[in-house]
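The values are calculated or read from the model by the stated rules, or taken from the named source; none is laboratory data. What you see is a predicted model; the values in this text were computed from it and never measured. Cβ coordinates were reconstructed from backbone atoms using ideal geometry, including for glycine residues, and neighbour counts include every protein chain displayed.
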Amino acid sequence: MNIMSEVLEKIYRGIIIMEMTFYGYKRPDGKVGVRNNVLILPASVCASDTTRIIASQVKGCVTFNNQNGCSQVPPDQEFTMDVMAGFAANPNIYGTVVVSLGCENCQMSLVVEAIKSRTNKPIETVIIQEEGGTLKAIEKGVRLAKNLTQEASMLKREEFPISELIVGTECGGSDPTSGLAANPLVGELSDRLVKLGATSILSETTEFIGAEHILAKRAKNKEISDRIYEIVHRYEKSIQMVGVDVRDGNPSPGNKAGGITTLEEKSLGCIHKGGHNTINAVYDYAKPVVEKGLVIMDTPGNDPSSVAGMVAGGAQIIVFTTGRGTPTGNPISPVIKITGNRMTYKNMEVNTDFDASPVIYGPEKISDLADKLLQMVIDTANGKLTKAEALGYIEIGIMRACNYV
Amino acid sequence: MRYKERRYFTVVNAILIDDKDNVVSVIEQVLKGDDVIFETKNGKAITIKALEDIPIYHKIAVRDIVEGSYIIKYGEHIGVAATDIKTGMHVHEHNVRSVRENL
């Protein structure tokens with residue numbers, strides 16, 4: 001290719017990129033969703049079976065198994081409250097039916113207040129003990145859910161700029177190809193999203209350890225830089241409470257056999273998902289993400305818990321890299337899974353959306369693959385189901401600081 | 001050659017992540033004496049000779065690294081050379097020290 005055509009090619013790409021849009025659902029709070037479901041929200045573990053039954057009766061509902069919501073120390077209860085409120089506020093949700101038992105710590109009034117502090121979308125409530133048991137609660141819940149999904153079905157998708165998207169990045173079941181192919185590819189995707197005015201979230205504080213000084217150097221200002229050190233140190237301290245040093249045995253023998261020499265190298269492979277941009281903000285777990293560009297959220301390395309934190313923060317789409325392959329999904333936001341391991345792609349193709357192994361083995365270049373991946377993100381935003389969605393994977397976890405009381 | 005099927009335009013068996021890096025990761029088992037070929041970011045192919053066996057996904061030095069200087073991957077420091085490392089040598093625990101900041 002001569003220089004002229006190369007320049008033209010870049011301009012052409014630039015124009016295409018600047019005009020990129022997706023079709024989403026406008027919410028009354030001004031945000032834009034890529035799905036249009038009704039959330040049947042269990043306020044505690046004691047309401048989770050009831051929400052499962054309600055959601056199974058009504059088309060267009062999503063729910064999940066909430067293991068928490070009661071018997072938790074205040075910091076843990078705050079994590080749970082933020083995940084519940086954030087899920088309800090996530091723009092992929094049309095409206096919410098909150099179901100509580102009645103006597104749990106996460107009282108209905110608290111949950112409703114937390115949701116209302118984040119969004120003005122429809123909320124309905126069912127309290128099992130007040131309704132008079134399972135059957136009455138389910139009947140009320142089903143009626144409310146049916147009304148909401150019928151209302152939701154009237155909405156039409158409209159065209160919005162990509163800058164309305166918040167994309168969360170995550171890695172799980174990593175292997176040596178993660179740091180060589182899938183994570184650098186997601187880094188390229190992050191760079192493209194940021195250039196288009198969207199938001200990319202870098203997560204998993206455990207995987208910043210050893211590379212925190214490198215992330216801190218990329219912070220927008222001193223305050224953000226200090227916050228990066230703060231979340232890493234806080235994380236290490238919380239693990240030390242049970243007498244464990246996160247840095248011990250890291251990299252693991254398996255990591256070393258796979259060619260990883262130092263913790264810095266391992267963490268650099270992980271943080272590559274965030275790309276090369278300035279870090280504009282650091283959010284605590286499951287707090288609302290408002291800044292554009294590249295931001296960090298303090299989440300654990302545990303995949304479903306980390307994904308839940310970003311979804312509660314407002315991420316409409318998750319991009320998930322894996323070495324070994326995983327079926328994981330999320331009830332609220334589509335999870336796009338990517339592997340750089342071509343054996344895994346063959347072995348777990350039913351669960352894996354994108355084959356990043358050409359980053360290693362060619363013939364495509366990483367920049368071409370990143371364009372393809374961006375297109376997959378847009379297709380997903382437009383409504384195409386991810387493999388995890390099509391197969392019905394909805395597990396979640398919620399970050400925890402300590403034991404139940 | 002064992003790896004001739006790999007790419008149709010260049011035969012590579014190692015990946016350079018950032019042009020600043022002084023190591024590359026091999027993408028197949030490399031034996032002592034093998035050529036290790038990788039591409040720079042602007043598509044130039046570079047060949048070095050492996051001075052020892054390198055397991056798949058492990059690192060090989062693409063420049064001479066003197067004792068005490070940084071090992072660079074992802075364009076960042078991942079450790080310090082514990083001994084002099086010659087171009088073509090295996091770079092791993094046996095010749096790298098972690099330089100984690102004491103934070």
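I'd like to know if segment A:176-194 contains one or more residues that are assigned to a loop (DSSP other than H, G, I, E, B) and surrounded by fewer than 24 Cβ atoms within 10 Å (Cβ to Cβ).
So far as segment A:176-194 goes, no, none of its residues is assigned to a loop (DSSP other than H, G, I, E, B) and surrounded by fewer than 24 Cβ atoms within 10 Å (Cβ to Cβ).
Being at pLDDT below 95 and either within 11 Å of the chain's Cα centre (by Cα) or under 13 Å from residue A:265 (Cβ atoms) (or both) is the filter here; which residues of segment B:39-57 pass it?
Passing the criteria: only B:57.
For segment B:41-94, give me each residue that is away from every other protein chain (no Cβ under 14 Å), of a type in the set (Gly, Ala, Ser) and in contact with a Lys or Arg (Cβ under 8 Å, 6 or more places away or on another chain).
Listed by number, the residues that qualify are B:50, B:88.
Filtering segment A:340-356 down to residues that are outside any helix (DSSP H, G or I), of a type outside the set (Gly, Ala, Ser) and in contact with a helix residue (DSSP H, G or I) (Cβ under 8 Å, 6 or more places away or on another chain), which residue is farthest from residue A:322 (Cα to Cα)?
Looking at residues that are outside any helix (DSSP H, G or I), of a type outside the set (Gly, Ala, Ser) and in contact with a helix residue (DSSP H, G or I) (Cβ under 8 Å, 6 or more places away or on another chain), I get A:350.
Table: residues versus (1) part of a helix (DSSP H, G or I); (2) in contact (Cβ under 8 Å) with a residue 40 or more places away in the chain; (3) touching a helix residue (DSSP H, G or I) at 6+ places or on another chain (Cβ under 7 Å).
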position: A:77; (1), (2), (3): yes, no, no
position: A:94; (1), (2), (3): no, yes, yes
position: A:106; (1), (2), (3): no, yes, yes
position: A:115; (1), (2), (3): yes, no, yes
position: A:118; (1), (2), (3): no, yes, yes
position: A:144; (1), (2), (3): yes, yes, no
position: A:148; (1), (2), (3): yes, yes, no
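Being within 14 Å of chain B (Cβ to nearest Cβ) and within 24 Å of the chain's Cα centre (by Cα) is the filter here, so list the residues in segment A:325-343 that pass it.
A:340, A:341
Of all residues in segment A:350-366, count the ones that are at the interface with another protein chain (Cβ under 9 Å from one of its Cβ atoms) and not basic (Lys, Arg).
Count: 5.
Looking at segment A:40-75 only, could you name the residues that are surrounded by fewer than 19 Cβ atoms within 10 Å (Cβ to Cβ), outside any helix (DSSP H, G or I) and not β-branched (Val, Ile, Thr)?
A:59, A:60, A:65, A:67, A:71
Of (1) within 10 Å of the chain's Cα centre (by Cα); (2) crowded, with 21+ Cβ neighbours inside 10 Å; (3) aliphatic (A, V, I, L, M), residue B:72 satisfies all except one. Which?
Of everything listed in (1) within 10 Å of the chain's Cα centre (by Cα); (2) crowded, with 21+ Cβ neighbours inside 10 Å; (3) aliphatic (A, V, I, L, M), residue B:72 misses just condition (2).
Do you know which residues across segment A:328-352 are at pLDDT below 95 and of a type in the set (Val, Ile, Thr)?
Correct list: A:344 only.
How many residues does segment A:367-378 contain that are acidic (Asp, Glu) and more than 14 Å from every other protein chain (Cβ to nearest Cβ)?
Final tally of qualifying residues: 1.
How many residues does segment A:377-388 contain that are crowded, with 19+ Cβ neighbours inside 10 Å and of a type outside the set (Lys, Arg)?
5
Given the conditions (1) out of contact with any Lys or Arg (no Cβ under 8 Å at 6 or more places or on another chain); (2) away from chain B (no Cβ under 14 Å), report the number of the one that residue A:171 does not fulfil.
Single failed check for residue A:171: (1).
The conditions are (1) under 18 Å from residue B:94 (Cβ atoms); (2) surrounded by 14 or more Cβ atoms within 10 Å (Cβ to Cβ), and residue B:32 fails exactly one of them. Which is it?
(2)
Taking segment A:120-137 as the search range and keeping residues that are farther than 21 Å from residue A:67 by Cβ and touching a residue at least 60 places away in the same chain (Cβ under 8 Å), which one is surrounded by the most Cβ atoms within 10 Å (Cβ to Cβ)?
So the residue we want is A:121.
Taking residue A:223 as meeting all but one of (1) free of Cβ contacts under 8 Å to residues at least 12 places away in the same chain; (2) out of contact with any helix residue (DSSP H, G or I) (no Cβ under 7 Å at 6 or more places or on another chain); (3) within 14 Å of chain B (Cβ to nearest Cβ), write down the number of the exception.
Result: residue A:223 fails condition (3) only.
Taking segment A:246-270 only, how many residues are surrounded by fewer than 17 Cβ atoms within 10 Å (Cβ to Cβ) and at the interface with chain B (Cβ under 7 Å from one of its Cβ atoms)?
Total meeting the criteria: 1.
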